[in-house]
Amino acid sequence: MDETLSTEAHPSREQDLDDGAGIALALAYAEEARDADEVPIGAVVVRDGALLGVGRNRCRSHGEATAHAEMLALSDAFQRTGDMRLPGATVYTTVEPCFMCAGALSHARIARVVWAVRDPKFGGAASLGSVLTDPRLNHTAELREGILAEESRALLQRFFRDKR
């Protein structure tokens with residue numbers, strides 16, 4: 001996939017364009033997860049328009065509960081950059097991060113987290129908790145949600161409907 005995210009020259013809309021491109025790329029990885037019979041969640045790490053890391057759910061294929069898209073995208077970014085912290089980076093994910101992923105995003109010092117749909121059963125960033133914005137922690141992140149929500153929701157619903 002392309003190593004940069006393109007934007008048009010409209011400063012007032014630049015963030016919307018970046019966020020849309022980021023979620024669209026995460027959605028492509030979610031589709032790869034679905035095609036591999038994994039829960040269709042994808043995530044990417046971007047900083048200054050450069051793609052630092054990618055991930056898709058691999059819990060079933062790896063046989064471990066920690067192989068979430070966000071965790072794998074962070075690991076990929078750490079390997080590519082050689083850094084254990086990613087200040088200034090944005091993580092785009094198709095579903096709100098769980099508590100485990102939100103904690104990892106905080107430890108990585110991610111500046112922004114953007115997701116498509118909330119996770120009412122496991123969401124640790126807004127639905128069930130606020131790990132990424134809790135003022136008691138030494139790092140907080142800016143949050144944004146709802147980008148390509150219908151597409152992400154439909155992908156998840158189709159996957160689980162087909163499983164039944």
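So here's what we get for this one:
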{"item": "Segment 25-39, residues that are in contact (Cβ under 8 Å) with a residue 40 or more places away in the chain and open to solvent by less than 50 Å² (accessible area, probe 1.4 Å)", "result": "LEU25, ALA26, LEU27, TYR29, ALA30, VAL39"}
{"item": "Count - residues of segment 131-164 that are without any contact (Cβ under 8 Å) to a residue 12 or more places away in the chain and among the hydrophobic types (A, V, I, L, M, F, W, C)", "result": "2"}
{"item": "LEU128 being in contact (Cβ under 8 Å) with a residue 12 or more places away in the chain, over 23 Å from GLN15 (Cα atoms) and part of a loop (DSSP other than H, G, I, E, B)", "result": "yes"}
{"item": "Residue identified as open to solvent by 70 Å² or more (accessible area, probe 1.4 Å), modelled with pLDDT of 95 or more and either part of a strand (DSSP E or B) or not polar (S, T, N, Q) (or both) among ARG109, ARG80", "result": "ARG80"}
{"item": "Residue within segment 126-138 that is charged (D, E, K, R) and crowded, with 18+ Cβ neighbours inside 10 Å present", "result": "no"}
{"item": "Residue in segment 40-63 that is assigned to a loop (DSSP other than H, G, I, E, B), surrounded by fewer than 13 Cβ atoms within 10 Å (Cβ to Cβ) and at pLDDT 95 or above present", "result": "yes"}
{"item": "Qualifying residues in segment 112-122 (those that are farther than 15 Å from ALA21 by Cα and charged (D, E, K, R)) - the one most open to solvent (accessible area, probe 1.4 Å)", "result": "LYS121"}
{"item": "Filter result for the condition that a residue is more than 11 Å from the chain's Cα centre (by Cα) and surrounded by 24 or more Cβ atoms within 10 Å (Cβ to Cβ), over ALA104, ALA89, ALA69", "result": "ALA89"}
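The values are calculated or read from the model by the stated rules, or taken from the named source; none is laboratory data. None of the values given here were measured: they were computed from a predicted structure. Positions of Cβ are backbone-derived with ideal geometry, glycine not excepted, and every protein chain shown enters the neighbour counts. Heads up: the accessible areas ignore ligands, DNA and RNA and are worked out on the full protein's heavy atoms, side chains in. Shrake-Rupley method; radii C 1.70, N 1.55, O 1.52, S 1.80 Å.
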